[in-house]
Amino acid sequence: MMATASVIFMLAFALTFYVLGATFVEGFVNYRTWHLIGAAEFKPYHQAIRPGVMAFVVFPFVLAIVLTGMLLWRLPPSIPRLSVWLSLALDLFAVTVSIVFQIPIQFQFDRQGMSLPLLRRLNAIEWLRRAAHIGNSLLFLWMMARFMSSLSVRY
C-alpha cells in the first residue's frame, strides 16, 4: 500500500512540474509569437498545432489531475490530505480559466484566424492559469520535501 502511494505521488509530482513547463512554453513562447505569423498562415497553423497541444499539454494535465485525485485514497502518511484537496482546487481553477476564457478564444482563432485583440485578451488572462500552476507546483514541492524527510527519518 505504501509503495503504491509513493509511486502515485511521485508520478503526480513529476507531471505537475511537466505541466508547469509545458504551459510556460505555451504562454511565454507560443502565444507571445503568434502576432508574427501572417494572417493567411495563422488559421492553418493554429489548427495544425491542436493535436500537439492536446497530446503534450492537455493530456498530461488531465493525467496529473487524475493521479492527484488518486492520492485521496492512496496518500503517503507524511503528506496532509488537505494539501491534496488544495492541489485539486488549484487544478480546478486552472481548468475553469481554460474553459471560461481560453478555449472560447482558441475556437475564435480557428474560425476567424489571427486577431490581435483576441491575442491580447488571451495573453492578459494567461496569468491566472499560470498562477494556479505555479501555486500547485510550489505546493507539490512542499509535499515532496515532507515526503523525502519522512524517508530520511526511516533510514
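Nothing in this text is a laboratory measurement; each read-out follows from the coordinates by a stated rule. Note that this is a predicted model, so its numbers are computed, not measured. Every residue, glycine among them, receives a Cβ derived from its backbone with ideal geometry; neighbour counts consider all protein chains shown.
Listing for the model above:
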read-out	value
Per-q log10 I(q)/I(0), the stretch 2-154, q = 0.11, 0.15, 0.16, 0.18 Å⁻¹ (Debye; single scatterer per alpha-carbon; no solvent)	-0.48, -0.77, -0.85, -1.00
Ile99-Tyr18 FRET efficiency (beta carbon distance; Förster radius 25 Å; 0.05 resolution)	0.75
For His35, His133, order by how many other beta-carbon atoms lie within 10 Å, fewest first	His35, His133
Computed lengthening from Leu82 to Tyr31, 0.36 nm per intervening residue step minus Cα-Cα distance	14.9 nm
Leading residue at positive end of dipole, the chain (Cβ point charges), from Val95, Gly38, Met54	Val95
Helical mean residue ellipticity (222 nm; -39500 (n - 2.57) per DSSP H run of 4+; nearest 500) of the chain	-25500 deg cm²/dmol
Stretchable slack from Gln106 to Val58, in nm (0.36 nm times residue separation minus alpha-carbon distance)	15.9 nm
For Leu63, Leu20, order by how many other beta-carbon atoms lie within 10 Å, fewest first	Leu63, Leu20
Dipole magnitude (debye, nearest 20) for the stretch 2-154, charges at Cβ of Lys, Arg, Asp, Glu	200 debye
Distance from the stretch 41-61 to the stretch 69-146 (C-alpha centre basis), Å	18 Å
Least to most buried among Phe9, Phe107 (fewest other Cβ within 10 Å first)	Phe107, Phe9
